[in-house]
Amino acid sequence: MSDVSRQINWRRSVYVIVMCALAGHAWAANDEFATVDGERITAQEYRLAVQSGIKKRFYHGTIPEDKLRQFREEVGQQLVDRVLLVKEAARRNVRADARVVEAQLHEYQSRLKKNDKHIVTTEMQAGLRHFLEEENQMQQLERIIKTVTAPEEPVVMAYYRQHPELFTTPERIHASIILLKVDPAAGAAAWNAAQQEAQQIVTRLRKGAGFAELARIHSGDESASKGGDLGFIHAGMLAEPAQQALSKLQSAQISEPVMLLQGVAVLRLEEREAPKLNEFKTVAARARELWQRNRAQTAWREFIEGLRKRADIHINTTLYRET
């Protein structure tokens, strides 16, 4: 191993110690997760990254084993990619922004100092500073790779034609509502009474009563002052039961009472607008932006894949099966 690699490994080990302190762990940095072109990633660094990531992604409860295995592999790949990107940034002489690094370092130091159990040593500060410098270098490298030349109009037009779904205004419906509000915590008697009242309103409407008039009298929705008129809405703007009820209606038809979280609703479909492909001239700017974004993401993915193919990588996959 070169002197440079030894120095990087030492600094990474110091960083692991700092992060363990922040996370309340006391792991020793001695066993190995992977080597990347001879550079070592410790198992402790890997385990800490997994634990930190689990708290952010799976905070809601138990994790299925297949998803946990997939997540562990994802974390391992990210650590390997980090080494590759840091090396590439150094090869390209990409330098860290000192002002950004200093601000981040100050924030981490403040967090450590608030925890009386941990002493912020000079060695820990040096390791953390180096880690933050690498983070900044990688961010700059990503911006470089993702910078793509603005496309000419024929390229944008071709993208527009290949992806019409991206430039199509989805179906819209014009609907009205009469909402008989019920407290979600109310008992069955209150809900049954609201449903019976809603059924009576449906009967009156089908006999010719005015929807707007009944909405102003009975509805607890904010649209009541407008005769229950919700205007034009896209799919997903209403609760699923209301959306399903409206999907079965033709123009001017009235729904049966619909149970919602806020109460019992009666709906009327006023009008339905079919999906419409927007003209190129009205979406050209968006098409150009989407093309550039897609090209940038593709360039970044291909760049990382190229780094992986050229590297000598060995991973201790047994750690993916840890419990």
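Pairing residues of the range 165-188 that are over 22 Å from Gln243 (Cα atoms) with residues that are at pLDDT 95 or above and open to solvent by 30 Å² or more (accessible area, probe 1.4 Å), at Cβ distances under 6 Å and at least 6 apart in sequence or on separate chains, gives Phe167/Asn278. If only residues of the range 295-316 that are in contact (Cβ under 8 Å) with a residue 24 or more places away in the chain and not aliphatic (A, V, I, L, M) are counted, the one that is farthest from Ala34 (Cα to Cα) is Arg295.
Does Gln297 fit the bill of being within 30 Å of Pro241 (Cβ to Cβ) and open to solvent by 30 Å² or more (accessible area, probe 1.4 Å)?
Details: within 30 Å of Pro241 (Cβ to Cβ): no; open to solvent by 30 Å² or more (accessible area, probe 1.4 Å): yes.
So Gln297 fails the test.
Considering only the range 66-79, I want to know if a residue exists there that is closer than 14 Å to Glu134 by Cβ, at pLDDT below 95 and more than 19 Å from the chain's Cα centre (by Cα). Yes, the conditions are met somewhere in the range 66-79.
Can you list the helices (runs of 4 or more DSSP H) found entirely within the range 37-117 that contain at least 2 residues being farther than 26 Å from Arg301 by Cβ?
On the way: elements: 43-57, 65-91, 98-114.
Result: 43-57, 98-114.
Checked against (1) touching a residue at least 12 places away in the same chain (Cβ under 8 Å); (2) surrounded by 12 or more Cβ atoms within 10 Å (Cβ to Cβ), Ala252 meets all criteria but (2).
Please go through the range 255-271 and give me each residue that is more than 22 Å from Gly210 (Cβ to Cβ) and open to solvent by 70 Å² or more (accessible area, probe 1.4 Å), ordered by number.
Filtering the range 255-271 for residues more than 22 Å from Gly210 (Cβ to Cβ) gives 259-262.
If the condition is that a residue be more than 22 Å from Gly210 (Cβ to Cβ) and open to solvent by 70 Å² or more (accessible area, probe 1.4 Å), then Met259, Leu261, Gln262 are the ones that fit.
Ala90 falls short on exactly one of the conditions (1) in contact (Cβ under 8 Å) with a residue 60 or more places away in the chain; (2) open to solvent by 60 Å² or more (accessible area, probe 1.4 Å), and that condition is (1).
Taking the range 151-182, which residues are open to solvent by 80 Å² or more (accessible area, probe 1.4 Å) and in a helix (DSSP H, G or I)? So that I can check it myself, show each step before the final result.
Residues of the range 151-182 that are open to solvent by 80 Å² or more (accessible area, probe 1.4 Å), as a first pass: 152-154, 161-162, 165, 181.
Scanning the range 151-182 gives Glu153, Pro154, Arg161, Gln162, Glu165.
Note on the range 272-291: residues that are open to solvent by less than 80 Å² (accessible area, probe 1.4 Å), under 17 Å from Pro170 (Cα atoms) and among the charged types (D, E, K, R) amount to 1.
Screening the range 39-85 for residues that are of a type in the set (Gly, Ala, Ser) and open to solvent by 20 Å² or more (accessible area, probe 1.4 Å) and picking the one that is nearest to Glu142 (Cα to Cα) gives Ala49.
Is the range 303-313 home to any residue that is farther than 19 Å from Arg204 by Cα, within 29 Å of the chain's Cα centre (by Cα) and surrounded by fewer than 12 Cβ atoms within 10 Å (Cβ to Cβ)? I'd like the intermediate steps shown before the answer.
If we filter the range 303-313 for residues that are farther than 19 Å from Arg204 by Cα, which is where we start, we get 303-313.
From the residues that got through so far, the ones that are within 29 Å of the chain's Cα centre (by Cα) too are 303-309.
After this cut, where a residue has to be surrounded by fewer than 12 Cβ atoms within 10 Å (Cβ to Cβ) as well, the list is 305, 309.
Yes, the range 303-313 contains a residue that is farther than 19 Å from Arg204 by Cα, within 29 Å of the chain's Cα centre (by Cα) and surrounded by fewer than 12 Cβ atoms within 10 Å (Cβ to Cβ).
The values are calculated or read from the model by the stated rules, or taken from the named source; none is laboratory data. Here the structure is a predicted model, which is why all the values come from computation and not from measurement. Ideal geometry is used to build each Cβ from the backbone, glycine not excepted, and the neighbour counts take in all protein chains shown. The area values use the complete protein model at the heavy-atom level, side chains included, leaving out ligands, DNA and RNA. Shrake-Rupley method; radii C 1.70, N 1.55, O 1.52, S 1.80 Å.
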